[in-house]
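Enquirer: Can you read through this structure? Questions will come right after.
The values are calculated or read from the model by the stated rules, or taken from the named source; none is laboratory data. Fair warning: this is a prediction, and the values are worked out from it, not measured in the lab. Cβ atoms come from the backbone with ideal geometry, glycine included; neighbour counts cover every protein chain shown.
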Amino acid sequence: MQLLQSKDFYRTADLALAAALSLFVPLEAVDKTDYRRAYFVFPHSEELDGLVAAFWRKELKVEPQAYFDQLRAIKTRLYAPY
């Protein structure tokens, strides 16, 4: 998993943040190497930094049904056996 620990990637264990980000940026991987938690891995960029900041400032606007669908899709990847 050395590649996924690179500064070229952004990792978060926050499910809500990951679902919101994945509406704008492709989810590269779900890193399950830590048995205590999984990390959602995104390609790092200035756009991603802006999205993360907007999320935490509660300024990120998304369509509710799209967010719910994306949350469900991410949970499917999270709980997949591979």
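Enquirer: For region 46-63, which residues satisfy the criterion of being closer than 12 Å to Arg11 by Cα and either outside any helix (DSSP H, G or I) or out of contact with any Phe, Trp or Tyr (no Cβ under 6 Å at 6 or more places or on another chain) (or both)?
Expert: Answer for region 46-63, where residues must be closer than 12 Å to Arg11 by Cα and either outside any helix (DSSP H, G or I) or out of contact with any Phe, Trp or Tyr (no Cβ under 6 Å at 6 or more places or on another chain) (or both): Asp49, Val52.
Enquirer: While we're looking at this one, here's another question. I'd like the full set of residues that are surrounded by 15 or more Cβ atoms within 10 Å (Cβ to Cβ) and out of contact with any strand residue (DSSP E or B) (no Cβ under 8 Å at 6 or more places or on another chain), limited to region 33-58.
Expert: Leu51, Phe55, listed by residue number.
Enquirer: Follow-up. If you go through region 28-44 one residue at a time, how many are at pLDDT 95 or above and farther than 14 Å from Thr12 by Cα?
Expert: 0
Enquirer: Follow-up. Identify the single condition in (1) touching a helix residue (DSSP H, G or I) at 6+ places or on another chain (Cβ under 8 Å); (2) closer than 19 Å to Phe9 by Cβ; (3) not β-branched (Val, Ile, Thr) that Gln70 does not satisfy, given that it satisfies every other one.
Expert: Exception for Gln70: condition (2).
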